[in-house]
1. When segment 39-66 is examined, which residues are found to be of a type outside the set (Gly, Ala, Ser), part of a loop (DSSP other than H, G, I, E, B) and open to solvent by 30 Å² or more (accessible area, probe 1.4 Å)?
2. Scan segment 93-100 and give yes if some residue there is open to solvent by 60 Å² or more (accessible area, probe 1.4 Å), away from ligand 1 (no atom under 12 Å from the Cβ) and over 12 Å from the mean Cα position of the chain (by Cα), otherwise no.
3. Sort out which residues of segment 75-108 are away from ligand 2 (no atom under 15 Å from the Cβ), under 12 Å from Ser49 (Cβ atoms) and in contact with a Phe, Trp or Tyr (Cβ under 7 Å, 6 or more places away or on another chain), and write them in order of number.
4. Can you find even one residue in segment 72-82 that is open to solvent by 30 Å² or more (accessible area, probe 1.4 Å), over 24 Å from Ala11 (Cα atoms), touching a Leu at 6+ places or on another chain (Cβ under 9 Å) and not in a loop (DSSP other than H, G, I, E, B)?
5. What's the total number of residues in segment 1-28 that are open to solvent by 60 Å² or more (accessible area, probe 1.4 Å), near ligand 1 (Cβ under 10 Å from one of its atoms) and closer than 24 Å to Thr62 by Cβ?
6. Out of all the residues in segment 40-49, is one or more within 15 Å of ligand 1 (Cβ to nearest atom), at pLDDT 95 or above and more than 25 Å from Lys2 (Cα to Cα)?
7. When the residues of segment 17-31 are narrowed to those that are in a strand (DSSP E or B) and not aliphatic (A, V, I, L, M), which ends up nearest to ligand 2 (Cβ to nearest atom)?
8. With respect to Lys12, is the statement that it is more than 24 Å from Gly105 (Cα to Cα), modelled with pLDDT under 95 and not hydrophobic (A, V, I, L, M, F, W, C) true?
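The values are calculated or read from the model by the stated rules, or taken from the named source; none is laboratory data. These numbers come from a predicted model, not from an experiment. Positions of Cβ are backbone-derived with ideal geometry, glycine not excepted, and every protein chain shown enters the neighbour counts. Note: areas computed on protein heavy atoms with side chains; ligands, DNA, RNA excluded. Shrake-Rupley method; radii C 1.70, N 1.55, O 1.52, S 1.80 Å.
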Amino acid sequence: MKNCIFCQIVAKEVPTDLIYEDDQIVVFKDIFPKARIHLLVVSKEHVQSLAHLSPEHTSLATRMLTLLPKLAKEQGLEGGFRTVINTGTDGGQEIDHIHFHLLGGGPLPRM
Ligand code: 5GP
Ligand code: ZN
């Protein structure tokens, strides 16, 4: 997607703090961290949001989900972590390219 900042990051047209990459996923630091550790787990394919996942994305979704605890361990988040997926306008989604937030590095406020 031409005007999508996350597609531009995936295509390496925009520099970022890359933490992990495989054939389907990139992980990089959030530019405005809301916790000491704040990573974004992003699909390489442009999918607009969680609400736009279809059965063909099952393996991608599972890989994104199972990557989270691995990243948390690598980041030293032994005490736990938070995973957030904002979806749509009312869900507070700012970037219309599916991503999971991984937050931690100290106690987070209760939801
Ligand atoms: P959303 O509100 O869509 O769930 O989250 C989007 C996140 O992307 C926000 O936390 C925001 O700080 C982050 N973000 C927006 N633009 C950029 C960018 O250009 N680079 C990086 N690394 N993060 C970004
Ligand atoms: Zn995109």
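1. Lys44, Glu45, His46, Gln48, Leu53
2. Checked segment 93-100: no residue is open to solvent by 60 Å² or more (accessible area, probe 1.4 Å), away from ligand 1 (no atom under 12 Å from the Cβ) and over 12 Å from the mean Cα position of the chain (by Cα).
3. Across segment 75-108, the qualifying residue is only Ile85.
4. yes
5. 1
6. No.
7. Checking each candidate, the answer is Phe28.
8. In short, no.
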